[in-house]
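The structure appears right after this line, and notes come after that.
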Amino acid sequence: QVQVVESGGGLVQPGGSLRLSCAASGSIFAFNYMGWYRQAPGKQRELVAIINSGNMITYGDSVKGRFSISKDKDKYTVDLQMDNLKPEDTAVYYCKLSLDFGLGPQRQYNYWGQGTQVTVSS
């Protein structure tokens, strides 16, 4: 029904750049927000960047000033431009789509992509 697909991960050297893409498709109603989380080995999943229905953007503290999220105006697609990458950015990056019908937690739905590996190493 709802599909979330990421692409663009890979291996880069410190200081390099990558651009991740995510596309959501299917029966998407009550759009809440969409964006990126990441999870490194031994760590909990953390916020990278999300953009909500009002185009308000929230960045995780560790990526502010280096990463930039953008969303297509008319489609449920988001890109994550990652610049000045650091080894600590190494993680699996997951795209998330959140739907919220405004009726409480029982009417909130989250959809996750399969994840894409980003490795920053020299």
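When you go through 117, 81 one by one, which is the residue that is open to solvent by 80 Å² or more (accessible area, probe 1.4 Å) and not small (Gly, Ala, Ser)?
On the way: 81 fails: open to solvent by 80 Å² or more (accessible area, probe 1.4 Å).
Exactly one of 117, 81 is open to solvent by 80 Å² or more (accessible area, probe 1.4 Å) and not small (Gly, Ala, Ser), namely 117.
Condition (residue is part of a strand (DSSP E or B), touching a Leu at 6+ places or on another chain (Cβ under 7 Å) and at pLDDT 95 or above) applied to the range 64-72: is it met by at least one residue? Show your work before the answer.
Here is the first cut: in the range 64-72, the ones part of a strand (DSSP E or B) are 67-71.
Retained after the next criterion (residues that are touching a Leu at 6+ places or on another chain (Cβ under 7 Å)): 67, 69.
Then keep just the ones that are at pLDDT 95 or above; that gives 67, 69.
Yes; the residues of the range 64-72 include at least one that is part of a strand (DSSP E or B), touching a Leu at 6+ places or on another chain (Cβ under 7 Å) and at pLDDT 95 or above.
Would you tally the residues in the range 97-106 being open to solvent by 20 Å² or more (accessible area, probe 1.4 Å) and modelled with pLDDT of 90 or more?
In the first step, residues of the range 97-106 are kept if they are open to solvent by 20 Å² or more (accessible area, probe 1.4 Å); the result is 100-106.
Add one more test, that the residue is modelled with pLDDT of 90 or more, and what stays is 100.
Adding up the residues that qualify gives 1.
Do we find that residue 58 is in a strand (DSSP E or B), at pLDDT 95 or above and farther than 26 Å from residue 26 by Cα in this structure? Can you show your working first?
Numbers: in a strand (DSSP E or B): yes; at pLDDT 95 or above: yes; farther than 26 Å from residue 26 by Cα: no.
No, not satisfied.
Would you be able to say whether some residue in the range 107-121 is at pLDDT 95 or above, assigned to a strand (DSSP E or B), farther than 27 Å from residue 27 by Cα and in contact with a helix residue (DSSP H, G or I) (Cβ under 6 Å, 6 or more places away or on another chain)?
yes
Just the residues that are open to solvent by 40 Å² or more (accessible area, probe 1.4 Å), in a loop (DSSP other than H, G, I, E, B) and either more than 18 Å from residue 86 (Cα to Cα) or in contact with a Pro (Cβ under 7 Å, 6 or more places away or on another chain) (or both), please, taken from the range 15-48.
Those that are open to solvent by 40 Å² or more (accessible area, probe 1.4 Å), in a loop (DSSP other than H, G, I, E, B) and either more than 18 Å from residue 86 (Cα to Cα) or in contact with a Pro (Cβ under 7 Å, 6 or more places away or on another chain) (or both): 27, 29, 44.
In this structure, does residue 1 turn out to be open to solvent by 60 Å² or more (accessible area, probe 1.4 Å), at pLDDT below 95 and out of contact with any helix residue (DSSP H, G or I) (no Cβ under 7 Å at 6 or more places or on another chain)? Show your work before the answer.
Numbers: open to solvent by 60 Å² or more (accessible area, probe 1.4 Å): yes; at pLDDT below 95: yes; out of contact with any helix residue (DSSP H, G or I) (no Cβ under 7 Å at 6 or more places or on another chain): yes.
Yes, satisfied.
The values are calculated or read from the model by the stated rules, or taken from the named source; none is laboratory data. Predicted model, so just to flag it, every value in this text is computed and none were measured. Backbone-built Cβ (ideal geometry, glycine too); neighbour counts: all protein chains shown. Please note that ligands, DNA and RNA were not included when accessible areas were found on the heavy atoms of the full protein model with its side chains. Shrake-Rupley method; radii C 1.70, N 1.55, O 1.52, S 1.80 Å.
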